[in-house]
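Just below is one structure, and these are the notes that go with it.
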Amino acid sequence: MTADNGEVDLHDLSPSVAQMRDDVLRGLGAPQKWISPMYLYDESGSHLFDRICELPEYYPTRTERAILRDNAAEISAALGTDLMLVEPGSGNGEKATLLLRSLHEPVAFIPVEISREHLWQSANAINEAFPDLEVLPVCADFSQPFELPEPSRPAARAAVFFPGSTIGNFRPRTAVMLLANFGGVAGDGGVLLVGVDLRKDPAVLERAYDDAAGVTAEFNLNLLLRLNRELGADFDLDAFEHRAVWNDADSRMEMHLVSKRAQKVQIGKESVALREGEHIHTESSYKYTPDAFAALASEAGLRVVKVWMDEERLFSVQLLERS
């Protein structure tokens, strides 16, 4: 659907400033301080993440692109015709564009993204690239229930496209609930197409999450800039450093912001104390073996139908359906 000026209509269900403040204060009040990774993705954070995806150390994006490109005909056949494609966490829409080019007569594309401006820009770009496709963007936290707009033409089936190893940003228990929710979004006869990062040499992972150019560090620290701007906080960015570590026991990469000194930070009327060396956990990225992810999907009432991988087995794209 487009507005009178030819741009897409945006359904805005994004979290309020009050909700962000409550979320942040709850996380910073925990024994292990944390902030939800969804707040990394304001407009600046989203653009920084786009830059991360092009870095030489960051293998997931280029590897997943190659998998989608090299297996386009087979993936398109598996998804079928007259498809409604839903992409939670759509980002810049680059991978959806790659997928849409291979689909046969898709009915609609519904990108869901927390960063309103980033969503607006990418949805309009896809609207221009595919003038016969109905584009219905939704600004929302996709980890929570949200309402899907109805396309004007009925679809034969729905597919939830969840690339980029974003499923790895959720603890396994939460990932199970998220996959089950996506199964509900896809509905009867629908499918999920999920990007799943695989376990590998920790040195490869650590380089990917702490690049030589410092873009990932800038992305992580941008979270504090956002809190200063939107919540009236007074974080001193020079008092924090980015740290990325491999947690082998939990099979995940972790991003932290580490306090360089003992300090107190004001967030509105609330004060938060940090010790020297104390970590604020900002993001996790779980890495799976194919068997481990199949077991996770099974807990969500889904079964893996097909797995596409690169030759080095760095990354996978997996097709799931309700079991």
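The values are calculated or read from the model by the stated rules, or taken from the named source; none is laboratory data. All of these numbers come straight from a predicted model, not from anything done at the bench. So basically every Cβ, Gly included, is an ideal-geometry build from the backbone, and we count neighbours across all protein chains shown.
Some notes on this structure:
- Filtering region 183-207 to residues that are assigned to a helix (DSSP H, G or I) and crowded, with 23+ Cβ neighbours inside 10 Å leaves nothing.
- Yes/no for A77 being part of a helix (DSSP H, G or I), over 17 Å from the mean Cα position of the chain (by Cα) and surrounded by fewer than 21 Cβ atoms within 10 Å (Cβ to Cβ): yes
- Conditions (1) among the β-branched types (V, I, T); (2) within 19 Å of E254 (Cβ to Cβ); (3) out of contact with any helix residue (DSSP H, G or I) (no Cβ under 6 Å at 6 or more places or on another chain); number of the one not met by V215: (3)
- Taken as a whole, the condition of being at pLDDT 95 or above and surrounded by fewer than 16 Cβ atoms within 10 Å (Cβ to Cβ) does not apply to A233.
Matching residues to (1) in contact with a Phe, Trp or Tyr (Cβ under 9 Å, 6 or more places away or on another chain); (2) of a type in the set (G, A, S); (3) over 30 Å from L79 (Cα atoms):
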{"site": "L257", "(1), (2), (3)": "yes, no, yes"}
{"site": "A262", "(1), (2), (3)": "no, yes, yes"}
{"site": "S285", "(1), (2), (3)": "yes, yes, no"}
{"site": "S316", "(1), (2), (3)": "yes, yes, no"}
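- Matching residues, region 183-213, being among the acidic types (D, E) and at pLDDT 95 or above: D197, D201, E206, D210, D211
- In region 82-101, the residue that is surrounded by the most Cβ atoms within 10 Å (Cβ to Cβ) out of those that are in contact with a Leu (Cβ under 8 Å, 6 or more places away or on another chain) and outside any strand (DSSP E or B) is S90.
- Residues that are more than 25 Å from L79 (Cα to Cα) and without any contact (Cβ under 8 Å) to a residue 60 or more places away in the chain are absent from region 298-306.
- Within region 102-116, the set of residues being under 18 Å from E150 (Cα atoms), at pLDDT below 95 and either basic (K, R) or assigned to a loop (DSSP other than H, G, I, E, B) (or both) comprises just one member, E105.
- Screening P137, P151, P131, P163 for residues that are touching a Gly at 6+ places or on another chain (Cβ under 8 Å) and either farther than 18 Å from S36 by Cβ or among the basic types (K, R) (or both) leaves exactly one candidate, P163.
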